[in-house]
């Protein structure tokens, strides 16, 4: 951890020091400033809705990496390696150590549809090059309420911020794509899964803050893992324009790993 280069796994102190010293590209520095302002600032007199995330950033708990492309094979395979490294160390690093990934922005402004495409290309590539089998207790069908993305044998919740959110500013990043990976084990360790009283209370607080912060009703796709009628995958990148968002989950999942013959398209 904290090896030289933006594609290393960095703790928050190291990332901040490198940005202040000018040792990162400007797009990484811009991402970091935007992320800090979004998580630690207020909007409409309300703090960032996810108080767990805001408190975590305030205490310097997350881990970070930067990805110089949303499509380049080497960049995405390096991201896979960083996620696997993160899974090995996060429990010892901090109680709420999520992995925040900053992607280099595209050279042109992209419509919402292309950001959805980019997200699922990233996740499909990670899956194709996963060194571990898909967990036996997680369905492979994204239309199952118990489905969620997995890597390295670990179920996790990737959530995105992107430039196309005009109203839902809690999901807005003016720089480019940003994905935060949070293992399910992290939520279980904090006792904030949907089947606990603590988890239900946390969701009520976050929903109320969402409406105040965004100034609009919480998104209809927000739900809980394992609840009939709710689906995990649309929550990774909430739609702003339904016509530009996928109507079916655009990932193909198989249990057989590793896939040594797989190649990034």
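So residue 33 fits all but one of (1) modelled with pLDDT of 95 or more; (2) in contact with a helix residue (DSSP H, G or I) (Cβ under 6 Å, 6 or more places away or on another chain); (3) closer than 20 Å to residue 175 by Cα; what number is the exception?
(2) is the only condition that residue 33 fails.
So residue 234 fits all but one of (1) at pLDDT 85 or above; (2) out of contact with any strand residue (DSSP E or B) (no Cβ under 9 Å at 6 or more places or on another chain); (3) assigned to a loop (DSSP other than H, G, I, E, B); what number is the exception?
(3)
The rows are residues; the columns are (1) under 30 Å from residue 46 (Cβ atoms); (2) modelled with pLDDT of 95 or more.
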site: 78; (1), (2): no, yes
site: 99; (1), (2): yes, yes
site: 115; (1), (2): yes, yes
site: 122; (1), (2): no, yes
site: 131; (1), (2): no, no
site: 143; (1), (2): no, no
site: 149; (1), (2): yes, yes
site: 161; (1), (2): yes, yes
site: 166; (1), (2): yes, no
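Only one residue in 44, 2 is in contact with a strand residue (DSSP E or B) (Cβ under 8 Å, 6 or more places away or on another chain) and at positive phi. Which one?
Of the residues listed, the single one that is in contact with a strand residue (DSSP E or B) (Cβ under 8 Å, 6 or more places away or on another chain) and at positive phi is 2.
Please go through (1) surrounded by fewer than 21 Cβ atoms within 10 Å (Cβ to Cβ); (2) over 27 Å from residue 211 (Cα atoms); (3) touching a residue at least 40 places away in the same chain (Cβ under 8 Å) for residue 67 and return the number of the only condition it doesn't satisfy.
(1)
Kindly list, by first and then second residue, each pair from a residue in region 42-63 that is surrounded by fewer than 19 Cβ atoms within 10 Å (Cβ to Cβ) to a residue that is assigned to a loop (DSSP other than H, G, I, E, B) and at pLDDT below 85, limited to pairs with Cβ atoms under 6 Å and residues at least 6 apart or on different chains.
44/215
Can you say whether residue 126 is buried (at least 22 other Cβ atoms within 10 Å of the Cβ) and more than 13 Å from residue 237 (Cα to Cα), as far as the supplied structure shows?
Judged against the criteria, residue 126 is a match.
May I ask you to verify whether residue 165 is within 17 Å of the chain's Cα centre (by Cα), assigned to a loop (DSSP other than H, G, I, E, B) and touching a residue at least 12 places away in the same chain (Cβ under 8 Å)? First the steps, then the outcome.
On the way: within 17 Å of the chain's Cα centre (by Cα): yes; assigned to a loop (DSSP other than H, G, I, E, B): yes; touching a residue at least 12 places away in the same chain (Cβ under 8 Å): yes.
So residue 165 fits the description; yes.
If residue 139 passes every condition in (1) crowded, with 19+ Cβ neighbours inside 10 Å; (2) farther than 15 Å from residue 234 by Cα but one, which one does it miss?
Tallying (1) crowded, with 19+ Cβ neighbours inside 10 Å; (2) farther than 15 Å from residue 234 by Cα, residue 139 fails exactly one: (1).
Being at pLDDT below 95, more than 23 Å from residue 167 (Cα to Cα) and loosely packed, with under 15 Cβ neighbours inside 10 Å is true for just one of 2, 74. Which residue is that?
Exactly one of 2, 74 is at pLDDT below 95, more than 23 Å from residue 167 (Cα to Cα) and loosely packed, with under 15 Cβ neighbours inside 10 Å, namely 2.
Based on what the data block shows, is residue 88 within 15 Å of residue 8 (Cβ to Cβ) and out of contact with any strand residue (DSSP E or B) (no Cβ under 8 Å at 6 or more places or on another chain)?
yes
Quick one: would you say residue 174 is assigned to a loop (DSSP other than H, G, I, E, B), farther than 17 Å from residue 252 by Cα and over 15 Å from the mean Cα position of the chain (by Cα)?
On the way: assigned to a loop (DSSP other than H, G, I, E, B): yes; farther than 17 Å from residue 252 by Cα: yes; over 15 Å from the mean Cα position of the chain (by Cα): yes.
Spelling it out, residue 174 is indeed assigned to a loop (DSSP other than H, G, I, E, B), farther than 17 Å from residue 252 by Cα and over 15 Å from the mean Cα position of the chain (by Cα).
All but one of (1) in contact (Cβ under 8 Å) with a residue 60 or more places away in the chain; (2) touching a helix residue (DSSP H, G or I) at 6+ places or on another chain (Cβ under 6 Å) hold for residue 172; state the number of the condition that does not hold.
Result: residue 172 fails condition (2) only.
The values are calculated or read from the model by the stated rules, or taken from the named source; none is laboratory data. Because the structure is predicted, anything quoted here is derived from the model rather than measured. As a convention, Cβ positions derive from the backbone with ideal geometry for all residues, glycine included, and neighbour counts pool all protein chains shown.
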